[in-house]
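Please read the structure below before turning to the comments.
The values are calculated or read from the model by the stated rules, or taken from the named source; none is laboratory data. This is a predicted model, so every value here is computed, not measured. Counting neighbours? That spans all protein chains shown, and the Cβs are built from the backbone with ideal geometry, glycine included.
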């Protein structure tokens, strides 16, 4: 006697739903991971004082003063001052 290898339709749907849920979770985890890495790279991007002034609507002189007063963390390379976007956002949202 031949055995029927067809799966019960209810079981097929249950298994299909589990696979779909697992795949959705896996894809969501991967996308979240990639976005977090990319966001970290963007937030660590150095901006010039001119760029920071343009982004914030403040004068360059005011940005330099914020750096001098240690309100805004910065990095100096030669004569150029760079502000990390992450530091800028933390200062802007703190005030």
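Remark: residue 74 falls outside the filter, which requires a residue to be touching a residue at least 24 places away in the same chain (Cβ under 8 Å) and in contact with a strand residue (DSSP E or B) (Cβ under 7 Å, 6 or more places away or on another chain).
Within the stretch 65-87, being surrounded by 14 or more Cβ atoms within 10 Å (Cβ to Cβ), out of contact with any helix residue (DSSP H, G or I) (no Cβ under 6 Å at 6 or more places or on another chain) and assigned to a helix (DSSP H, G or I) holds for 66, 67, 87.
This table checks each residue for (1) within 17 Å of the chain's Cα centre (by Cα); (2) in the same structural domain as residue 90 (by TED's automatic domain parsing); (3) surrounded by fewer than 10 Cβ atoms within 10 Å (Cβ to Cβ); (4) not in a helix (DSSP H, G or I).
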residue: 15; (1), (2), (3), (4): no, no, no, no
residue: 18; (1), (2), (3), (4): no, no, no, no
residue: 23; (1), (2), (3), (4): no, no, no, no
residue: 29; (1), (2), (3), (4): yes, no, no, no
residue: 34; (1), (2), (3), (4): yes, no, no, no
residue: 52; (1), (2), (3), (4): no, yes, no, no
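Would you say residue 7 is surrounded by 14 or more Cβ atoms within 10 Å (Cβ to Cβ) and either outside any loop (DSSP other than H, G, I, E, B) or at pLDDT below 85 (or both)? So residue 7 does not fit the description; no.
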